[in-house]
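Derivation of every value follows stated rules applied to the coordinates shown; laboratory data play no part. Worth saying up front: this structure is predicted, and the values here are computed from it rather than measured. Glycine also receives a Cβ, built like all others from the backbone with ideal geometry; neighbour counts cover every protein chain displayed.
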Amino acid sequence: MEFSSKLLENAVNEMSQLPGIGKRTALRLVLHLLKQPNEQVSFLAESLLKMREEIKFCKSCHNISDVEVCEICRNESRNHAIVCVVEDVRDVMAIENTGQFRGIYHVLGGKISPIDGVGPSQLNITSLVEKVKLGGVEEVIFALSSTMEGDTTNFYIYKQIKETGVATSSIARGISVGDELEYADEVTLGRSIVNRIPFENSFKNN
Ligand SMILES: [Zn+2]
């Protein structure tokens with residue numbers, strides 16, 4: 001792509017770093033921004049910067065939050081004995097949208113994936129195991145997507161907490177194998193949490 005301006009080229013290059021944004025789309029977005037009033041572009045840039053600099057991760061569940069402990073963890077009316085393990089904040093949002101879950105979450109920040117160089121130590125697994133070992137947790141629900149990485153991660157955690165005697169369950173697979181949670185419709189996802197199955201059943205049949 002030949003650019004008539006270095007400034008334009010830089011902006012397009014930065015924009016095209018975003019996932020799913022190729023050079024052509026990046027150019028279209030940048031040209032769109034160029035037509036906007038200055039302050040509109042400032043708002044965009046500032047909100048991104050502010051988010052990057054000030055956002056926090058809940059020190060209890062690692063969910064993205066504006067404060068030290070997120071709203072869900074602070075909510076006394078939720079059942080803190082039931083912990084739903086998810087990959088990232090998008091899953092928390094998807095499950096919250098179903099209105100079917102009143103426990104709390106634990107956000108791993110990814111899945112174990114040797115191919116991508118992601119090992120257990122890069123994920124928020126230790127804090128989950130510690131939380132369970134401290135007591136007070138009655139059930140851990142595995143709600144990772146049903147991919148090989150998801151299954152590996154579930155099983156890795158399961159092995160670490162099995163001895164505590166905590167109940168473990170897996171969300172029912174109305175969600176087909178390989179589907180990401182966030183794409184499941186709310187009714188299906190809600191039902192799969194309500195109809196969760198003991199985790200042992202999810203791998204003994206395989
Ligand atoms: Zn939290």
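Please list 14-26, 69-81 highest first by mean number of surrounding beta-carbon atoms within 10 Å per residue. Each step should come with its number before you reach the end.
Details: 14-26: 11.9, 69-81: 13.9.
Final packing ranking: 69-81, 14-26.
Where the only charges are on Cβ atoms (+1 Lys, Arg; -1 Asp, Glu), what is the dipole of the stretch 6-54 about its Cα centre, to the nearest 20 debye?
Details: 7 positive and 6 negative charges, 68 e Å.
Dipole of the stretch 6-54, to the nearest 20 debye: 320 debye.
Can you show me the helix-derived [θ] at 222 nm for the chain, built from DSSP H runs with n ≥ 4 at -39,500 (n - 2.57) apiece and divided by the number of residues, rounded to the nearest 500.
Values: 9 runs with 92 residues, N = 206.
Rounded to the nearest 500, the figure is -13000 deg cm²/dmol.
Quick check: pseudo-label points 7 Å beyond the Cα along Cα→Cβ at residue 194 and residue 96, how many nm apart are they?
2.2 nm
How high is the FRET efficiency from residue 43 to residue 75, r the C-beta distance, R0 45 Å, rounded to 0.05? Walk me through the numbers on the way to the answer.
Details: r = 31 Å, r/R0 = 0.69.
With R0 = 45 Å, the Cβ-Cβ based efficiency is 0.90.
Which of the peptides 4-11, 161-168 is most tightly packed, and how do the rest follow, going by the mean number of other Cβ atoms within 10 Å of each residue? The partial results should precede the final answer.
Values: 4-11: 11.6, 161-168: 14.0.
The peptides rank, most packed first, as 161-168, 4-11.
If I take every Cα pair under 8 Å that is 6 or more residues apart in the chain, average their sequence separation and divide by the length, what percent do I get for the relative contact order? Numbers along the way, then the final one.
Working: 273 pairs, mean separation 31.2, N = 206.
Averaging sequence separation for qualifying contacts and normalising by length gives 15 percent for the chain.
Quick one: if the Förster radius is 25 Å, what FRET efficiency do residue 54 and residue 186 give, using the C-beta to C-beta distance and rounding to 0.05? Don't jump to the answer; show the numbers that get you there.
Working: r = 30 Å, r/R0 = 1.21.
In this case the efficiency is close to 0.25.
Express in % the proportion of alpha carbon pairs of the chain at distances exceeding 28 Å. It would help to have the intermediate numbers written out before the result.
Values: 8402 of 21115 pairs.
More than 28 Å apart: 40 percent of the Cα pairs in the chain.
Positive end of the dipole of the chain, charges at C-beta (+1 Lys, Arg; -1 Asp, Glu), about the Cα centre: which of 99, 155, 189 has its Cα farthest in that direction?
Ranked along the dipole, the leading option is 155.
Kindly identify the stretch 71-134 as rounded, prolate or oblate by the Cα gyration tensor criterion: order the square roots of the eigenvalues as a ≥ b ≥ c, call it rounded if a/c is under 1.5, otherwise compare a/b with b/c, prolate if a/b is larger, else oblate. The partial results should precede the final answer.
On the way: a/c = 3.14, a/b = 1.53, b/c = 2.05.
Here the stretch 71-134 falls in the oblate category.
As a footprinting exposure proxy, order 194, 89 by other Cβ within 10 Å, with the fewest listed first.
Lowest count first: 194, 89.
For the chain, give the magnitude of the charge dipole about the Cα centre (Cβ charges: +1 Lys/Arg, -1 Asp/Glu; no others), in debye to the nearest 20. Walk me through the numbers on the way to the answer.
On the way: 22 positive and 28 negative charges, 36 e Å.
Computed charge dipole of the chain: roughly 180 debye.
Give the cross-link partners of residue 50 among the lysines, using a straight C-alpha distance below 23 Å as the criterion and excluding same-chain residues fewer than 8 apart.
Here the lysines satisfying the reach criterion relative to residue 50 are 59.
Using label points projected 7 Å from each Cα along Cα→Cβ, tell me how many nm separate residue 7 and residue 148, to one decimal.
4.9 nm
For residue 105, list long-range residues whose amide hydrogen, built 1.01 Å from N in the peptide plane, is under 5 Å from its own amide hydrogen.
84
Can you tell me how much longer the chain between residue 155 and residue 167 gets when fully stretched, taken as 0.36 nm per residue apart minus their C-alpha distance, in nm with one decimal?
2.9 nm
Show the residues, 5+ positions off or on another chain, whose built amide H is closer than 5 Å to the amide H of residue 169.
Those qualifying (amide H under 5 Å, at least 5 residues apart or on another chain) are 140, 141, 142, 199.
Starting from the Cα gyration tensor of the stretch 79-179, take the square roots of the eigenvalues, sort them a ≥ b ≥ c, and report rounded, prolate or oblate (rounded when a/c is under 1.5, otherwise prolate if a/b is larger than b/c, else oblate). Before the final figure, lay out each step's value.
On the way: a/c = 1.56, a/b = 1.07, b/c = 1.47.
Cα axes put the stretch 79-179 in the oblate bin.
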